[in-house]
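Q: One structure coming up, written as C-alpha cells, with questions to follow.
The values are calculated or read from the model by the stated rules, or taken from the named source; none is laboratory data. Keep in mind that what you see is a predicted model, and the values were worked out from it rather than measured. Reconstructed Cβ throughout: ideal geometry from the backbone, glycine too, with neighbour counts over all protein chains shown. In case anyone asks, the SASA skips ligands and DNA or RNA and just uses the protein heavy atoms, side chains included. Shrake-Rupley method; radii C 1.70, N 1.55, O 1.52, S 1.80 Å.
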Amino acid sequence: MTDRLYYRDSFLYDFDAEVREVLLSPRPALILDCTAFYPTSGGQIFDTGSIRSDASAQLRVIEVADAEDGRVVHYLEAPPGDLKAGSRVHGQIDASRRRDHMQQHSGQHVLSAAFLRLYNLPTISFHMGDDYCSIDLDTPALRKEQIEAAERLANEIILENRTVDIRFVSRDEAGKLGLRKLPPSERDELRLIDIRDFDLTACGGTHVAQTGQIASVLLRKIEKVRQGWRVEFVAGLRAVATARRDFTRLSETAALFSAHIYDVPQSARKALDEIKLLRKQHEQSQEELAAAYAAVLLADAPEASGLRIVVHTLSGRDLNFVKRLAQKLTRLSPGVVALLATTSPEPSLVFAQSAGQPFDMGALMKETMTKTGGRGGGTKDLAQGGIPNGDGIEASLKAVAATLRG
Ligand SMILES: [Zn+2]
C-alpha cells in the first residue's frame with residue numbers, strides 16, 4: 001500500500017519517495033512507497049505534476065489513480081527511462097490545480113452541511129468537473145429561496161474563517177460522533193474532516209485548513225435528476241472566473257440591445273415580441289401578395305381545351321413563396337397547371353395542378369431533376385425540386401409545358 005502523505009497535509013506540494021514498481025504497459029506508470037499525489041476518488045479528480053530523480057529527466061504525471069490493492073498509480077506522459085525499483089525520486093504537484101480542487105471540495109462540504117442544517121436535505125453524491133462541480137440533494141423539490149439561503153450560509157461560514165481539522169478515529173468512535181456521512185467501508189480507522197462547530201464528515205479528499213481559503217461559493221444551475229435535485233456550483237477562483245465570463249457575455253448581449261446589463265431580459269422580451277408580430281404581418285403580406293400575383297398570372301395565361309398552363313420564373317423568392325403561389329393558382333380555377341420556378345436565393349421548381357387534372361406532377365418533376373442534376377419529387381398534384389444551377393431553368397419549364405400540350 002502506498003503511504004498517502006496528503007492524508008495528513010493537503011498543502012504538501014513536493015515530497016521525496018522511493019520507486020517501488022515501474023509499469024510499462026498498458027501505459028507507463030510508477031508506484032512509489034509514499035505520495036502526495038491525490039488519485040481520483042470520492043468525487044474529487046486527480047492531481048497532476050512531475051516526478052524526477054538525479055539521473056532522469058523530469059517526467060510529467062498526467063493522471064493518478066487508485067489501484068484496488070491500495071497502491072497509488074502515477075501515469076506518466078512518457079516511459080520513465082532509467083528509473084527502476086529502489087530509485088530515489090522527488091515529486092512535485094501542480095499547486096494551482098491542487099488549490100482549486102481543495103477550494104471546490106471544501107466548498108462542497110460547507111454547502112452540503114448548509115443544505116442539511118437549513119432544510120434537512122442530505123447530499124447523496126458529489127461530482128467535480130473541469131468547469132463546475134455539482135451535488136445531488138435527496139429531495140423531491142428545491143426552491144429558489146432555499147438555494148439563496150444555502151449559498152448565503154455557506155459564504156458566511158467561509159467568511160468566519162473556521163478551522164478545518166483532520167482527525168483519525170476508529171469506526172466505533174465515529175459512530176458516536178454524529179457524522180454527516182459515514183462511508184460503508186471495511187476499514188477500521190476513519191479520516192474525519194471537521195469544520196469547527198459546523199460540519200463533521202468522513203472523507204479521504206484534500207481540503208483547506210481554514211474555511212477562508214475557500215474564498216467563496218457561487219451556486220449556479222439546478223436541475224431535476226432521478227434521485228433528487230442537482231445543484232451546480234463553483235468555489236474559490238473558479239467563482240471569480242465564472243462571474244467574469246458571465247459578465248463579459250452579458251455585456252456583449254447588452255451592447256447588442258444598447259441597454260444596461262440589468263435591462264437585458266426586458267430588452268430581449270421586447271425584441272422577441274416584435275419578431276412575433278413582424279412574422280405574423282409578414283405571413284399575412286405573403287398570403288396577400290401570392291393571391292394578387294396568382295390572379296394576374298392566371299389572367300395572362302391562354303386557355304386551350306379547358307386547360308390553362310401557367311409558366312413563370314421568379315427571382316428573389318424562396319421555395320415557400322413559390323409553393324404558396326402554386327397553391328393559389330391551382331385553387332383559383334379547376335383547370336390549371338402551374339409550372340413555376342425561382343432563380344434565387346436557391347434555384348427551385350414547383351409543379352402543381354388543380355385537383356382532378358390527369359397529369360402526374362411528381363413524375364414530371366423526377367424527369368426534370370434527372371435532366372438538370374437536381375433533387376426533388378412529390379405527389380400527383382404537387383411536386384418540388386432544387387437544382388444546382390438556375391441558368392436553364394426557364395427552358396426546363398417550357399419543355400415540360402410542351403409535353404403537357406402534346
Ligand atoms: Zn472531502
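Q: May I ask you to list the residues in the range 192-245 that are of a type in the set (Val, Ile, Thr) and over 30 Å from residue 3 (Cβ atoms)?
A: 217, 222, 225, 231, 234, 240, 242
Q: Pairs please, first residue from the range 96-114 and under 12 Å from residue 201 (Cα atoms), second anywhere and among the aromatic types (Phe, Trp, Tyr) and within 11 Å of the ligand (Cβ to nearest atom), Cβ atoms under 9 Å, 6+ apart in sequence or on different chains.
A: 108/126; 112/126
Q: Between a residue in the range 116-131 that is part of a strand (DSSP E or B) and any residue that is acidic (Asp, Glu) and open to solvent by 80 Å² or more (accessible area, probe 1.4 Å), which pairs come within a Cβ distance under 6 Å, given they are 6 or more apart or on different chains?
A: So the pair list comes out as 124/138.
Q: Only one residue in 271, 235 is within 15 Å of the ligand (Cβ to nearest atom) and either of a type outside the set (Val, Ile, Thr) or at positive phi (or both), so which one is that?
A: Matching residue, one of 271, 235: 235.
Q: Any residue that is open to solvent by 70 Å² or more (accessible area, probe 1.4 Å), among the hydrophobic types (A, V, I, L, M, F, W, C) and within 18 Å of residue 218 (Cβ to Cβ) - is there at least one of those in the range 117-132?
A: Checked the range 117-132: at least one residue is open to solvent by 70 Å² or more (accessible area, probe 1.4 Å), among the hydrophobic types (A, V, I, L, M, F, W, C) and within 18 Å of residue 218 (Cβ to Cβ).
Q: Across the range 20-52, what is the number of residues that are in a strand (DSSP E or B) and either surrounded by 14 or more Cβ atoms within 10 Å (Cβ to Cβ) or within 15 Å of the ligand (Cβ to nearest atom) (or both)?
A: Summing the residues that are in a strand (DSSP E or B) and either surrounded by 14 or more Cβ atoms within 10 Å (Cβ to Cβ) or within 15 Å of the ligand (Cβ to nearest atom) (or both) in the range 20-52 gives 15.
Q: Taking interchain pairs and intrachain pairs at least six residues apart, which have beta carbon atoms under 9 angstrom, with the first residue in the range 197-223 and free of Cβ contacts under 8 Å to residues at least 60 places away in the same chain and the second near the ligand (Cβ under 10 Å from one of its atoms) and open to solvent by 30 Å² or more (accessible area, probe 1.4 Å)?
A: 202/181
Q: Pairs only if they're at least six apart or on different chains, beta carbon under 6 angstrom, first in the range 301-329 and crowded, with 19+ Cβ neighbours inside 10 Å, second part of a helix (DSSP H, G or I) and aromatic (Phe, Trp, Tyr); list them, first residue then second.
A: Qualifying pairs under 6 Å: 325/293.
Q: Any residue at all in the range 380-403 that's in a strand (DSSP E or B), surrounded by fewer than 19 Cβ atoms within 10 Å (Cβ to Cβ) and in contact (Cβ under 8 Å) with a residue 12 or more places away in the chain?
A: Within the range 380-403, one or more residues are in a strand (DSSP E or B), surrounded by fewer than 19 Cβ atoms within 10 Å (Cβ to Cβ) and in contact (Cβ under 8 Å) with a residue 12 or more places away in the chain.
Q: Moving on to the next point. Name the one entry in 25, 56 that is of a type in the set (S, T, N, Q), in contact with a Pro (Cβ under 8 Å, 6 or more places away or on another chain) and at negative phi.
A: Only one candidate passes the filter, namely 56.
Q: If residue 85 satisfies all but one of (1) modelled with pLDDT of 95 or more; (2) open to solvent by 10 Å² or more (accessible area, probe 1.4 Å), what's the number of the condition it fails?
A: With (1) modelled with pLDDT of 95 or more; (2) open to solvent by 10 Å² or more (accessible area, probe 1.4 Å) applied to residue 85, the lone miss is (1).
Q: Give the range 331-373 a look and list any residue that's of a type in the set (Gly, Ala, Ser) and either assigned to a strand (DSSP E or B) or at pLDDT below 95 (or both), or say none.
A: Of everything in the range 331-373, those that are of a type in the set (Gly, Ala, Ser) and either assigned to a strand (DSSP E or B) or at pLDDT below 95 (or both) turn out to be 333, 335, 338, 341, 344, 348, 352, 355, 356, 373.
Q: Related question: Going by the structure shown, is residue 223 modelled with pLDDT of 90 or more, under 15 Å from residue 133 (Cβ atoms) and either touching a helix residue (DSSP H, G or I) at 6+ places or on another chain (Cβ under 6 Å) or open to solvent by 60 Å² or more (accessible area, probe 1.4 Å) (or both)?
A: Yes, satisfied.
Q: Separate question: Assigned to a loop (DSSP other than H, G, I, E, B), more than 16 Å from the ligand (Cβ to nearest atom) and aliphatic (A, V, I, L, M): which single residue out of 65, 55, 17 fits that description?
A: The match here is 55.
Q: May I ask you to list the residues in the range 188-197 that are surrounded by 11 or more Cβ atoms within 10 Å (Cβ to Cβ) and away from the ligand (no atom under 14 Å from the Cβ)?
A: Within the range 188-197, 189, 196 meet the criteria.
Q: Examine the range 97-113 for a residue that is modelled with pLDDT of 95 or more, closer than 23 Å to residue 41 by Cα, away from the ligand (no atom under 16 Å from the Cβ) and surrounded by fewer than 21 Cβ atoms within 10 Å (Cβ to Cβ), and state whether such a residue exists.
A: Yes, the range 97-113 has at least one match.
Q: Among the listed residues 328, 280, 323, identify the single one that is in contact with a strand residue (DSSP E or B) (Cβ under 6 Å, 6 or more places away or on another chain), assigned to a helix (DSSP H, G or I) and among the basic types (Lys, Arg).
A: 323
Q: Can you name every residue in the range 199-232 that is of a type in the set (Asp, Glu) and within 14 Å of the ligand (Cβ to nearest atom)?
A: Result: 199, single match.
Q: Is it fair to say residue 150 is open to solvent by less than 10 Å² (accessible area, probe 1.4 Å), modelled with pLDDT of 95 or more and away from the ligand (no atom under 13 Å from the Cβ)?
A: Yes.
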